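I have placed the structure first, in the form of structure tokens, so that the comments after it can refer back to it.
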Amino acid sequence: MKSKDLTLYQKLLLQARPHWKYILGIFLIDLLETPLTLLVPIPLKIAVDNVLGDERLPEFIYDIFPVAGRSDLAILLLAAILLVLIAILTGLQSLGSSLLRTYTGEKLVLDFRTKLFQHVQRLSLSYHDSKGTSDSTYRIQYDTSAIQYIAIDGVIPFITASITLFAMLYVIFRLDARLAFVALAISPILFVITRLYRKNLRQQSRQVKRLESAALSVVQEVLTSLRVVKAFGQEQREQERFTHQSSEGMRARMHYELSSGLLGLLLGATTAFGTAAVLLLGVSHVLGGILTLGSLLLIMGYIAQFYSPLKTISKKIASLQSHLASAERAYDLMEQPPDVVEKPDAEPIQRSKGAVLFQNVFFSYQQDQAVLEDISFEVPPGTRVGIAGQTGAGKSTLVNLLTRFYDPTSGQILLDGVDLRDYRVTDLRNQFAIVLQEPVLFSTSIAENIAYAKPGANEEEIIKAAQAANAHEFITALPDGYESQVGERGMRLSGGERQRIALARAFLKDAPILIMDEPTSSVDVKTEIGIMEAMNRLMENRTTFMIAHRLTTLENCNLLLVIENGRLANLEQDVPAAIKEELALDRLEAAMMRNN
């Protein structure tokens with residue numbers, strides 16, 4: 001446990017190191033709290049001992065404020081002025097600390113979130129498919145904030161409280177050593193209590209975050225599938241599922257807060273016993289003439305402030321467990337290795353010729369479940385490759401290997417005679433334009449969605465791409481034209497309109513290799529004819545891989561690959577009879593649509 005925590009502290013220290021100047025500034029400003037805290041009881045002591053009593057002020061005060069020697073009223077005014085001055089200085093110190101804490105904390109969290117978000121984007125699709133996105137979202141948005149508490153609100157107060165503690169202890173020892181020993185006697189009890197609670201609080205905090213993440217998962221699933229939920233009338237069921245998950249999280253949070261509250265109660269009771277013991281002994285010292293009443297009041301003020309940092313240290317150790325649990329979760333995600341790793345000496349590639357070669361390629365998501373087995377074929381530049389097969393045969397996996405969303409378990413995939421793993425990942429993926437079965441649009445304007453393929457594209461380039469995709473006409477008919485907002489995932493547009501925007505995006509990218517994963521399966525045959533016309537223009541002089549639901553879509557392909565149970569079947573020899581029948585029916589349906 002200790003070694004694991006030490007490793008975690010080292011990681012957090014490295015993450016916070018670029019901001020060390022700001023953290024040092026916070027530390028120095030917070031250090032001012034110690035002398036200001038020591039000054040707080042001074043005006044009260046002056047009023048009791050030097051105005052109500054017969055004690056004289058130290059000579060240096062008369063040297064600085066000669067007026068203080070004239071009357072009790074002058075001394076009282078001095079005490080009042082000191083009280084106001086200490087309050088103003090304390091307020092300024094608190095304001096400066098608050099502003100610098102907020103700025104530094106937000107920068108720390110932003111940098112940590114950015115780094116984690118960047119890493120999450122590089123993780124393999126298989127990781128996100130198996131883990132889902134809600135847990136990663138929770139860790140990025142919520143768990144990363146732990147660094148702010150640990151580096152600023154946890155460690156710095158811990159250090160400053162320790163300094164204040166020793167300063168208070170020194171002053172109390174100078175005033176009355178026996179009272180100091182009595183006050184100090186409860187310190188070991190506080191740390192024993194804290195140590196006993198620490199492990200339990202860490203475990204409870206992990207459980208809270210796991211359950212809260214599960215509740216977030218329900219929200220995300222429902223909102224992204226709201227049409228299905230409404231269509232089947234399952235709103236009440238989903239509400240009950242969310243309530244159940246949230247209730248579990250609430251109960252776990254209550255258990256955590258109960259444990260934390262009990263810890264606070266024990267700490268408060270322990271310090272109360274210490275304060276009571278000091279009070280009893282202190283009064284006896286005043287009665288015995290060992291202390292003045294003002295000195296006792298001063299000591300009691302310091303005792304309260306002595307126990308305050310003791311409780312702060314103990315509570316920080318306890319509350320730190322929740323934030324350490326968050327940091328653990330964030331770094332667990334950070335340390336997930338990406339399946340696709342770029343070589344240090346990876347080759348750049350400007351524009352590919354489009355020659356592709358699969359050599360004895362095997363792939364499996366899990367070791368005992370092969371998805372593709374012994375796939376070998378060659379594609380010359382400019383070839384149109386049709387990929388057919390039953391659902392789950394491995395068609396999409398084949399093109400996912402081509403774009404290095406995954407790497408083959410064994411075998412090689414060559415582009416222009418070079419293994420894909422030898423190219424820079426970004427350069428490699430720039431060689432592909434992808435049009436999916438369900439077009440992915442972002443909640444921005446049509447123009448921004450088209451320009452996603454080429455950031456910085458001008459208006460003329462965007463319009464030209466839209467015209468090539470047969471999208472310009474319907475776009476200009478919209479009230480706001482190219483500035484029309486498409487809504488979340490493009491739901492303000494029809495399926496055919498979304499697909500044409502996706503095609504326009506591919507035209508704008510002008511990549512040498514085109515991948516189309518069942519681009520017309522979600523549209524009717526009439527709409528398909530218009531989309532196919534645009535796709536045929538897009539495929540000119542490009543190596544194209546097309547997965548199609550309707551086999552007539554593949555009629556113009558130069559090479560037809562049939563994937564059956566993860567293996568490659570030769571079209572002329574091994575095509576199943578069912579596929580041949582489907583091809584004949586698709587041709588008949590398309591002919592009837594053209595006649596109409």
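Report those helices (runs of 4 or more DSSP H) wholly inside the stretch 1-94 carrying at least 3 residues which are more than 30 Å from GLU328 (Cβ to Cβ) and modelled with pLDDT under 75.
On the way: elements: 2-16, 20-31, 33-39, 42-45, 59-64.
In the stretch 1-94, the matching helices (runs of 4 or more DSSP H) lie at 59-64.
Of the residues GLY386, GLY354, GLY392, only one is of a type in the set (Gly, Ala, Ser), in a loop (DSSP other than H, G, I, E, B) and in contact (Cβ under 8 Å) with a residue 24 or more places away in the chain; which?
Working: GLY386 fails: in a loop (DSSP other than H, G, I, E, B); GLY392 fails: in contact (Cβ under 8 Å) with a residue 24 or more places away in the chain.
From the options GLY386, GLY354, GLY392, the qualifying one is GLY354.
Name the residue, out of LEU402, LEU428, LEU420, that is over 18 Å from GLN499 (Cβ atoms), aliphatic (A, V, I, L, M) and without any contact (Cβ under 8 Å) to a residue 24 or more places away in the chain. Show your work before the answer.
On the way: LEU402 fails: without any contact (Cβ under 8 Å) to a residue 24 or more places away in the chain; LEU428 fails: without any contact (Cβ under 8 Å) to a residue 24 or more places away in the chain.
LEU420 is the lone residue from the list that is over 18 Å from GLN499 (Cβ atoms), aliphatic (A, V, I, L, M) and without any contact (Cβ under 8 Å) to a residue 24 or more places away in the chain.
Which members of the stretch 176-188 meet the condition of being crowded, with 17+ Cβ neighbours inside 10 Å and not hydroxyl-bearing (Ser, Thr, Tyr)? Lay out the reasoning, then the answer.
Filtering the stretch 176-188 down to residues crowded, with 17+ Cβ neighbours inside 10 Å leaves 176, 179-180, 182-183, 186-187.
Of everything in the stretch 176-188, those that are crowded, with 17+ Cβ neighbours inside 10 Å and not hydroxyl-bearing (Ser, Thr, Tyr) turn out to be ASP176, LEU179, ALA180, VAL182, ALA183, ILE186.
Results for (1) hydrophobic (A, V, I, L, M, F, W, C); (2) in contact with a Gly (Cβ under 8 Å, 6 or more places away or on another chain); (3) over 19 Å from ILE547 (Cβ atoms); (4) at pLDDT 85 or above, shown as yes or no for each residue.
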| residue | (1), (2), (3), (4) |
| --- | --- |
| GLN350 | no, no, yes, yes |
| PHE358 | yes, yes, no, yes |
| VAL361 | yes, yes, no, yes |
| TYR365 | no, no, no, no |
| ASP368 | no, no, yes, no |
| GLU373 | no, yes, no, yes |
| PHE377 | yes, no, no, yes |
| ARG384 | no, no, no, yes |
| THR391 | no, no, no, no |
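Provide a single number: the residues in the stretch 185-227 that are of a type in the set (Asp, Glu) and closer than 19 Å to TYR331 by Cα.
Quick first cut of the stretch 185-227, residues of a type in the set (Asp, Glu) only: 212, 221.
Going one step further and asking which of them are closer than 19 Å to TYR331 by Cα, we end up with 212.
So the count comes out to 1.
Check the stretch 94-107 and report whether any residue there is farther than 30 Å from LEU223 by Cα, charged (D, E, K, R) and over 15 Å from the mean Cα position of the chain (by Cα). Don't jump to the end; show me each part of the working.
Initial filter on the stretch 94-107 (farther than 30 Å from LEU223 by Cα): 94-105, 107.
Now narrow it down to the ones that are charged (D, E, K, R): 101, 107.
After this cut, where a residue has to be over 15 Å from the mean Cα position of the chain (by Cα) as well, the list is 101.
Yes, that holds for at least one residue.
Could you please give the count of residues in the stretch 534-589 that are of a type outside the set (A, V, I, L, M), assigned to a loop (DSSP other than H, G, I, E, B) and either modelled with pLDDT under 80 or touching a Pro at 6+ places or on another chain (Cβ under 8 Å) (or both)? Break it down into steps so the answer makes sense when it comes.
Applying the first criterion (of a type outside the set (A, V, I, L, M)) to the stretch 534-589 yields 536-537, 540-545, 549-550, 552-553, 555-558, 564-567, 570, 572-574, 576, 580-582, 586-587, 589.
Keeping just the survivors that are assigned to a loop (DSSP other than H, G, I, E, B) gives 540-542, 549-550, 555-558, 565-566, 570, 576.
Okay, now just the ones that are also either modelled with pLDDT under 80 or touching a Pro at 6+ places or on another chain (Cβ under 8 Å) (or both), so 542, 549-550, 555-556, 570, 576.
Total satisfying the criteria: 7.
With respect to GLU347, is the statement that it is surrounded by fewer than 21 Cβ atoms within 10 Å (Cβ to Cβ), within 21 Å of ASP427 (Cα to Cα) and not β-branched (Val, Ile, Thr) true? Walk me through it before giving the result.
Details: surrounded by fewer than 21 Cβ atoms within 10 Å (Cβ to Cβ): yes; within 21 Å of ASP427 (Cα to Cα): yes; not β-branched (Val, Ile, Thr): yes.
When the stated conditions are applied, GLU347 passes them.
Could you look through the stretch 454-468, keep only residues that are within 37 Å of the chain's Cα centre (by Cα) and touching a residue at least 12 places away in the same chain (Cβ under 8 Å), and pick out the one that is nearest to ARG429 (Cα to Cα)?
LYS454
Of all residues in the stretch 4-30 being charged (D, E, K, R) and in contact (Cβ under 8 Å) with a residue 12 or more places away in the chain, which is surrounded by the most Cβ atoms within 10 Å (Cβ to Cβ)? Working first, answer last.
We begin by selecting, within the stretch 4-30, every residue charged (D, E, K, R); these are 4-5, 11, 17, 21, 30.
Those left that are additionally in contact (Cβ under 8 Å) with a residue 12 or more places away in the chain: 5, 11, 30.
Details: ASP5: 15, LYS11: 17, ASP30: 23.
This residue is ASP30.
Go through the residues of the stretch 164-173 one by one and say whether even a single one is at pLDDT below 80, crowded, with 16+ Cβ neighbours inside 10 Å and within 18 Å of GLY25 (Cα to Cα).
Yes, some residue in the stretch 164-173 is at pLDDT below 80, crowded, with 16+ Cβ neighbours inside 10 Å and within 18 Å of GLY25 (Cα to Cα).
For ILE140, are the conditions met, namely being under 14 Å from TYR331 (Cβ atoms), modelled with pLDDT of 75 or more and over 11 Å from the mean Cα position of the chain (by Cα)?
Working: under 14 Å from TYR331 (Cβ atoms): yes; modelled with pLDDT of 75 or more: yes; over 11 Å from the mean Cα position of the chain (by Cα): no.
Spelling it out, it is not the case that ILE140 is under 14 Å from TYR331 (Cβ atoms), modelled with pLDDT of 75 or more and over 11 Å from the mean Cα position of the chain (by Cα).
Can you spot a residue in the stretch 124-141 that is of a type in the set (A, V, I, L, M) and in contact with a Leu (Cβ under 7 Å, 6 or more places away or on another chain)? Reasoning before the result, please.
Going through the stretch 124-141, the residues of a type in the set (A, V, I, L, M) turn out to be 125, 140.
So of that shortlist, the ones also in contact with a Leu (Cβ under 7 Å, 6 or more places away or on another chain) come out as 140.
Scanning the stretch 124-141, I find at least one residue that is of a type in the set (A, V, I, L, M) and in contact with a Leu (Cβ under 7 Å, 6 or more places away or on another chain), so the answer is yes.
The values are calculated or read from the model by the stated rules, or taken from the named source; none is laboratory data. Just so it is clear, the structure is predicted and the values come from calculations on it, not from any experiment. All Cβ positions, even for glycine, are placed from backbone atoms using ideal geometry, and neighbour counts span all protein chains on display.
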